[in-house]
Amino acid sequence: MKKYTNTGSKDTRSGFGAGMTELGQKNENVVALCADLIGSLKFDDFKKNHPERFFQIGIAEANMIGIAAGLTIGGKIPFTGTFANFSTGRVYDQIRQSVAYSDKNVKICASHAGLTLGEDGATHQILEDIGLMKMLPGMTVINTCDYNQTKAATIALANHHGPAYLRFGRPVVPNFTPADEPFVIGKAILLNEGTDVTIIATGHLVWEALVAAEALEAKGISAEVINIHTIKPLDEEAILKSVKKTGCVVTAEEHNIIGGLGESISRTLIQNYLVPQEFVAVNDSFGESGTPEQLMEKYGLTSNAIIEKVEKVIKRK
């Protein structure tokens, strides 16, 4: 089993900020728009170094999306930033009409996604955003797992033409992706080879999947772990190659069980190669106030939950 080391826990939103800082230096067409959350989105360095390319829109998210769409007409590459709830649910009509339908080169960047927004509670958390965004024709959907991968994804998006949604988080999480690992949109990453079960995870659940795999190894269960950072387009080739070897799969995500990564994988399996599947996700409910750790535990988004589902799905083979 390949070992991945936590090189120092960091928040993924800081990876986005670092990516924007680098883009600001490398690409004069990159512009940033923020809905009154400069500190939360880590836009500070970009604003300081490139004030002429930074636009503070205020608490007017719909206007921010419309302005971003307009900026693309002049060849700019706009990156918008606010909480995931306000990046998607609040402005879905504007994204659908002005960005997706019009095929505008807008990068919708969303921090504080999922339950791990924490104490701000259900009104600020969002567990439906991946489903909302992946249903839009032409929309690329990315959900990164740590600081390094978020930075790399941010930089990669500047060279990707078309509307895209980048989802990341607030809490400090293990940083284990190699800093020099290239980010390839739509290409899954095989983290650990195994023969008994495939664990496919995204976002904050990738590290939990690795922890689960190590514990399963001690039980004599060989788990293959795949990081699906790009939910759309989905790397069906990598998924099918793995499940044809292991014969079963567990999917893990910090999202509603309805509409997320797990359902996308189910469709792939039904159409190509059907195997038993179990889901680690929020069971069709809103969140609540609490620390990220408390919420992940209560809603079953932990390595222990993954282990339980692995043991269950293996019995179904």
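If the condition is being assigned to a helix (DSSP H, G or I) and among the aromatic types (Phe, Trp, Tyr), then the stretch 3-47 contributes Phe16, Phe46.
I need the full set of residues from the stretch 274-317 which are in a loop (DSSP other than H, G, I, E, B) and crowded, with 21+ Cβ neighbours inside 10 Å, in order please.
Narrowing the stretch 274-317 to residues in a loop (DSSP other than H, G, I, E, B): 274-276, 283-291, 299-302, 316-317.
Those that are in a loop (DSSP other than H, G, I, E, B) and crowded, with 21+ Cβ neighbours inside 10 Å: Gly287, Tyr299, Leu301.
Whether any residue in the stretch 31-39 is over 20 Å from the mean Cα position of the chain (by Cα), farther than 22 Å from Thr144 by Cα and surrounded by fewer than 14 Cβ atoms within 10 Å (Cβ to Cβ) is what I want to check. Within the stretch 31-39, none of the residues are over 20 Å from the mean Cα position of the chain (by Cα), farther than 22 Å from Thr144 by Cα and surrounded by fewer than 14 Cβ atoms within 10 Å (Cβ to Cβ).
For the stretch 229-239, a residue qualifies if it is of a type in the set (A, V, I, L, M) and without any contact (Cβ under 8 Å) to a residue 60 or more places away in the chain, and the qualifying residues are Leu234, Ala238, Ile239.
Quick check on the stretch 190-200. Is at least one of its residues touching a Cys at 6+ places or on another chain (Cβ under 6 Å) and at pLDDT 95 or above?
Checking the stretch 190-200: at least one residue is touching a Cys at 6+ places or on another chain (Cβ under 6 Å) and at pLDDT 95 or above.
Any residue that is buried (at least 24 other Cβ atoms within 10 Å of the Cβ), touching a Gly at 6+ places or on another chain (Cβ under 9 Å) and of a type in the set (Phe, Trp, Tyr) - is there at least one of those in the stretch 97-119? Within the stretch 97-119, not a single residue is buried (at least 24 other Cβ atoms within 10 Å of the Cβ), touching a Gly at 6+ places or on another chain (Cβ under 9 Å) and of a type in the set (Phe, Trp, Tyr).
Looking only at the stretch 51-58, decide whether some residue is among the polar types (S, T, N, Q), under 19 Å from Thr202 (Cα atoms) and in a strand (DSSP E or B). No; the residues of the stretch 51-58 include none that is among the polar types (S, T, N, Q), under 19 Å from Thr202 (Cα atoms) and in a strand (DSSP E or B).
Residues that are outside any loop (DSSP other than H, G, I, E, B) and either at pLDDT below 95 or over 16 Å from the mean Cα position of the chain (by Cα) (or both) within the stretch 116-138 comprise Thr116, Leu117, listed in sequence order.
Suppose we filter Ala215, Ala209 for residues that are more than 26 Å from Leu117 (Cβ to Cβ) and either assigned to a helix (DSSP H, G or I) or free of Cβ contacts under 8 Å to residues at least 12 places away in the same chain (or both); which single one remains? Write out each step before concluding.
Values: Ala209 fails: more than 26 Å from Leu117 (Cβ to Cβ).
Ala215 is the lone residue from the list that is more than 26 Å from Leu117 (Cβ to Cβ) and either assigned to a helix (DSSP H, G or I) or free of Cβ contacts under 8 Å to residues at least 12 places away in the same chain (or both).
When the stretch 139-167 is filtered for residues that are surrounded by fewer than 24 Cβ atoms within 10 Å (Cβ to Cβ) and assigned to a loop (DSSP other than H, G, I, E, B), the ones remaining, listed by number, are Met139, Asn159, His160, His161, Gly162.
Going through (1) closer than 20 Å to Glu254 by Cβ; (2) outside any loop (DSSP other than H, G, I, E, B) one by one, Ala113 falls short only on (2). The residue list Arg96, Arg90 contains one member that is among the charged types (D, E, K, R), under 20 Å from Asp129 (Cβ atoms) and either in a loop (DSSP other than H, G, I, E, B) or assigned by TED's automatic domain parsing to the domain that holds Lys219 (or both), which is Arg90.
Could you identify the single residue in Thr268, Thr251 that is part of a helix (DSSP H, G or I), at pLDDT 95 or above, in the same structural domain as Ala212 (by TED's automatic domain parsing) and of a type outside the set (Phe, Trp, Tyr)? Even if it seems obvious, please write down each step before you answer.
On the way: Thr251 fails: part of a helix (DSSP H, G or I).
Every option except Thr268 fails the conditions.
One residue is enough: does the stretch 228-243 have a residue meeting the conditions more than 20 Å from Lys187 (Cβ to Cβ), assigned to a loop (DSSP other than H, G, I, E, B), modelled with pLDDT of 95 or more and not acidic (Asp, Glu)? No - not one qualifying residue is present in the stretch 228-243.
The values are calculated or read from the model by the stated rules, or taken from the named source; none is laboratory data. On a predicted model such as this, the values are computed, not experimentally measured, just so you know. Glycine gets a Cβ as well: all are built from the backbone with ideal geometry, and neighbour counts include every protein chain shown.
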